[in-house]
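Beneath this line is the structure, given in structure tokens, with notes to follow.
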Amino acid sequence: MSDTKNEIRKFVVETFLFGQDTGLADDASFLDHGIVDSTGVIELVAHLEKTYGIKVKDEELTPDNLDSIDAIAAYLDRKRAAGGMIA
Amino acid sequence: MTAPDILAIDPAAETERIAIALRNFLIRNRRRGVVIGLSGGIDSTVTAALAVRALGADRVLGLLMPERQSDEATLMLSRVVVEWLKIRSAEEDITDLLEAAGFFRRFSSAARQAIPDFDDSWKSKVVIHATGGPHTFSYFSIVGQAPDGRTETARLPHQAYLGIVAATNFKQRIRKMLEYYHADRLNLAVAGTPNRLEYDQGFFVKNGDGSADIKPIAHLYKTQVYQLAEYLGVPTEVRRRPPTTDTYSLPQGHDEFYFALPYHQMDLCLYGKNHGLSPEVVAAAAKLDRATVEHVWADIDRKRAATHYLHLRPTLVADVPEISALE
């Protein structure tokens, strides 16, 4: 697993699952598994902005970009490719 | 299924059912009447009118609790309700209590994380945005209006959002504190005023307006509350008032802050989901498309899951059977 996916998994497990990683798949939907609600999403966004030096635009706050470890990693790759990251 | 039919109730029968439940509750729990926080809105007004039908005006206390950010219509319409029902009432301006709790200072401090120029002289409201589609995220923005009229809108970052919600919840919790003060001094029960949509979807503050001894209309869709309002003769100006949260200093509709659609469409969607109707039938009744109905249903499920904890009684590590047995 990439360092980015590892970091995202660590944040999700520690923040939302109290350290209990019960085999969360990289492509598991946070919404479908009840892992995040509206407050959790903006907490996730705050973490990504702080950790990766990005600005998540309003229109980017979508499940396609943020609803799984895989989705977040791919979103960060796109931001990196577009020059939108410093980390 | 037509929209007017499926939510139709027999208002006379429903009024009597609620009256019996109210009287039985008070007898069982040895209380002499009810206290109701009045907002001049349809839910608290109908709750008060039902209580008067059940108990008589002399056993109902209406509490009017404005503060400096309240909509002027709230106090005016609440006084109309008191006059119409001829109930006892008490007016308690909660501005000083809010000030003492640091509400204005805490709110402004949180808001400045999104709008740096924000201070106590600004008005504001919080608006929810859904990114659309059946599988969606929501986020919140603050709309601020400076004294010179210019407005600024900014998405609320995590800590700012939590800070604003926590501060704003003082309003509901201080009001509930006063309701229980009057309930205690007069040996009354506190009647809560949520309708079914609000109760189901967790649209209340834990230990704020979510707290009560009895909730006489929590089983009724808002559409049905309006039917009772007509039957009970609620004054026209109250019946015509658009639903508002009257929580923020700028006018804010329920659909801006919490619900995806106006209440009559939300009621139909909720009713359809609760009764296993097909999305096509609900869509036709609510004048929506099928995809929107499915989106609303998914949102209903998410809100139920997200707000489940608001309904919970305190969790005990182990049962205390001597108390459990009393329920």
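The values are calculated or read from the model by the stated rules, or taken from the named source; none is laboratory data. This is a predicted model, so every value here is computed, not measured. Cβ: placed from backbone, ideal geometry, glycine included. Neighbour counts: every protein chain shown.
Write out, first by first residue and then by second, each pair whose Cβ atoms fall under 8 Å of each other, whose residues are 6+ apart or on separate chains, and whose first residue, in the stretch B:214-236, is in contact (Cβ under 8 Å) with a residue 40 or more places away in the chain while the second is crowded, with 19+ Cβ neighbours inside 10 Å and part of a strand (DSSP E or B).
Hits for this filter: B:214/B:34; B:214/B:189; B:214/B:190; B:214/B:191; B:216/B:191.
For residues in the stretch A:40-57 being facing chain B (nearest Cβ under 7 Å) and touching a Phe, Trp or Tyr at 6+ places or on another chain (Cβ under 7 Å), which is farthest from residue B:153 (Cα to Cα)?
So the residue we want is A:41.
Evaluate the stretch B:100-116: report whether one residue or more is within 30 Å of residue B:233 (Cα to Cα), assigned to a helix (DSSP H, G or I) and touching a residue at least 60 places away in the same chain (Cβ under 8 Å). Talk me through it step by step, then tell me what you get.
The first filter runs over the stretch B:100-116 and keeps only residues within 30 Å of residue B:233 (Cα to Cα), leaving none.
No: zero hits.
Among the residues of the stretch B:170-209, what is the count of those that are over 17 Å from residue B:312 (Cβ atoms) and in a loop (DSSP other than H, G, I, E, B)?
Within the stretch B:170-209, residues that are over 17 Å from residue B:312 (Cβ atoms) and in a loop (DSSP other than H, G, I, E, B) number 4.
Kindly indicate whether residue B:88 is away from chain A (no Cβ under 14 Å), closer than 18 Å to residue B:177 by Cβ and touching a Gly at 6+ places or on another chain (Cβ under 8 Å). Walk me through it before giving the result.
Details: away from chain A (no Cβ under 14 Å): yes; closer than 18 Å to residue B:177 by Cβ: no; touching a Gly at 6+ places or on another chain (Cβ under 8 Å): yes.
Spelling it out, it is not the case that residue B:88 is away from chain A (no Cβ under 14 Å), closer than 18 Å to residue B:177 by Cβ and touching a Gly at 6+ places or on another chain (Cβ under 8 Å).
Keeping to the stretch A:34-61, report how many residues are touching a helix residue (DSSP H, G or I) at 6+ places or on another chain (Cβ under 9 Å), more than 21 Å from residue B:308 (Cβ to Cβ) and assigned to a loop (DSSP other than H, G, I, E, B).
We begin by selecting, within the stretch A:34-61, every residue touching a helix residue (DSSP H, G or I) at 6+ places or on another chain (Cβ under 9 Å); these are A:34-48, A:51-52, A:54-56, A:60-61.
Narrowing the set further to residues that are more than 21 Å from residue B:308 (Cβ to Cβ) leaves A:45-48, A:51-52, A:54-56, A:60-61.
Cutting the leftovers down to assigned to a loop (DSSP other than H, G, I, E, B) gives us A:54-56, A:61.
Of the residues in the stretch A:34-61, 4 are touching a helix residue (DSSP H, G or I) at 6+ places or on another chain (Cβ under 9 Å), more than 21 Å from residue B:308 (Cβ to Cβ) and assigned to a loop (DSSP other than H, G, I, E, B).
Restricted to the stretch A:1-19, and to residues that are touching a helix residue (DSSP H, G or I) at 6+ places or on another chain (Cβ under 8 Å), free of Cβ contacts under 8 Å to residues at least 40 places away in the same chain and not in a helix (DSSP H, G or I), which residue is surrounded by the most Cβ atoms within 10 Å (Cβ to Cβ)?
A:1
Taking residue B:163 as meeting all but one of (1) touching a Ser or Thr at 6+ places or on another chain (Cβ under 9 Å); (2) farther than 23 Å from residue B:109 by Cβ; (3) small (Gly, Ala, Ser), write down the number of the exception.
(2)
Which number in (1) within 14 Å of chain B (Cβ to nearest Cβ); (2) in a helix (DSSP H, G or I); (3) not acidic (Asp, Glu) marks the one condition that residue A:31 misses?
Among (1) within 14 Å of chain B (Cβ to nearest Cβ); (2) in a helix (DSSP H, G or I); (3) not acidic (Asp, Glu), the lone unmet condition for residue A:31 is (2).
Quick check on the stretch A:61-82. Is at least one of its residues within 9 Å of chain B (Cβ to nearest Cβ), within 19 Å of residue B:160 (Cα to Cα) and not aromatic (Phe, Trp, Tyr)?
Within the stretch A:61-82, one or more residues are within 9 Å of chain B (Cβ to nearest Cβ), within 19 Å of residue B:160 (Cα to Cα) and not aromatic (Phe, Trp, Tyr).
Report the residue count in the stretch B:144-176 for those that are within 14 Å of another protein chain (Cβ to nearest Cβ), of a type in the set (Val, Ile, Thr) and either surrounded by 17 or more Cβ atoms within 10 Å (Cβ to Cβ) or touching a residue at least 40 places away in the same chain (Cβ under 8 Å) (or both).
So the count comes out to 1.
Can you tell me which residue among B:53, B:79 is in contact with a helix residue (DSSP H, G or I) (Cβ under 8 Å, 6 or more places away or on another chain) and either more than 30 Å from residue B:284 (Cβ to Cβ) or part of a helix (DSSP H, G or I) (or both)?
Details: B:79 fails: in contact with a helix residue (DSSP H, G or I) (Cβ under 8 Å, 6 or more places away or on another chain).
None of the other options fit; the residue is B:53.
Condition check ((1) within 18 Å of residue B:220 (Cα to Cα); (2) at pLDDT 95 or above; (3) of a type outside the set (D, E, K, R); (4) within 23 Å of the chain's Cα centre (by Cα)) across all residues:
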{"residue": "B:256", "(1), (2), (3), (4)": "no, no, no, yes"}
{"residue": "B:259", "(1), (2), (3), (4)": "yes, no, yes, yes"}
{"residue": "B:266", "(1), (2), (3), (4)": "yes, no, yes, yes"}
{"residue": "B:271", "(1), (2), (3), (4)": "yes, yes, yes, yes"}
{"residue": "B:288", "(1), (2), (3), (4)": "no, no, yes, no"}
{"residue": "B:297", "(1), (2), (3), (4)": "no, no, yes, yes"}
{"residue": "B:303", "(1), (2), (3), (4)": "no, no, no, yes"}
{"residue": "B:312", "(1), (2), (3), (4)": "no, no, yes, yes"}
{"residue": "B:317", "(1), (2), (3), (4)": "no, yes, yes, no"}
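Please specify each residue of the stretch A:40-85 satisfying the condition of being buried (at least 17 other Cβ atoms within 10 Å of the Cβ), of a type outside the set (A, V, I, L, M) and free of Cβ contacts under 8 Å to residues at least 12 places away in the same chain.
A:62, A:65
Can you name the number of the only condition in (1) surrounded by fewer than 15 Cβ atoms within 10 Å (Cβ to Cβ); (2) within 19 Å of residue B:305 (Cα to Cα); (3) in contact (Cβ under 8 Å) with a residue 24 or more places away in the chain that residue A:27 fails?
(2)
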